[in-house]
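Visitor: Sharing a structure, written as structure tokens. Questions coming.
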Amino acid sequence: MSFLADINPDDFGPKGSFDPNPEVGELLGYLTWMVTAASVAGLIVVGVQMAMQLRRGEMGEGATYFRGGFFAIGACVLGLSAGPLVNFVVLPVLN
């Protein structure tokens, strides 16, 4: 147990001022744009599937594709709300 007394926590971690705000904000911006693009692509895929279903004449299976659209919209809302939640929770702790 005597070796724990020799450890100084100030010897570890970054030296000087640490401000992750510019890089974190830029990373969250890129992630937000990627999530937006992925969610739009998901909605386009669901729309194409629904159009193909209508074209084939399978009218009874619409709930499957509406469920897919619901999941795509839910993923869009979840992904787009992640950035502001991280800004609200994590960045005040870092400052």
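The values are calculated or read from the model by the stated rules, or taken from the named source; none is laboratory data. Predicted model, so just to flag it, every value in this text is computed and none were measured. Cβ placement follows ideal geometry from the backbone for every residue including glycine, while neighbour counts extend to all protein chains displayed. Ligands, DNA and RNA are stripped out before the accessible areas are found, and what is left, the full protein with its side chains, is counted by its heavy atoms. Shrake-Rupley method; radii C 1.70, N 1.55, O 1.52, S 1.80 Å.
This table checks each residue for (1) modelled with pLDDT of 70 or more; (2) of a type outside the set (A, V, I, L, M).
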| position | (1), (2) |
| --- | --- |
| Pro14 | no, yes |
| Ala37 | yes, no |
| Glu58 | no, yes |
| Gly74 | yes, yes |
| Gly79 | yes, yes |
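Visitor: On to the next question. Out of the range 39-51, which residues are modelled with pLDDT under 80 and either open to solvent by 100 Å² or more (accessible area, probe 1.4 Å) or closer than 17 Å to Ser81 by Cβ (or both)?
Guide: Within the range 39-51, no residue meets the criteria.
Visitor: Select, from Leu27, Leu54, Leu4, the only residue that is aliphatic (A, V, I, L, M), part of a helix (DSSP H, G or I) and modelled with pLDDT of 75 or more.
Guide: Leu27
Visitor: Only residues in the range 71-92 that are in contact (Cβ under 8 Å) with a residue 24 or more places away in the chain and closer than 17 Å to Leu27 by Cα count as the first member; pair them with residues that are surrounded by fewer than 14 Cβ atoms within 10 Å (Cβ to Cβ) and among the hydroxyl-bearing types (Ser, Thr, Tyr), Cβ under 9 angstrom, at least 6 apart or cross-chain, and list the lot.
Guide: Close Cβ pairs (under 9 Å, with a partner that is surrounded by fewer than 14 Cβ atoms within 10 Å (Cβ to Cβ) and among the hydroxyl-bearing types (Ser, Thr, Tyr)) amount to Gly79/Thr36; Leu80/Thr36.
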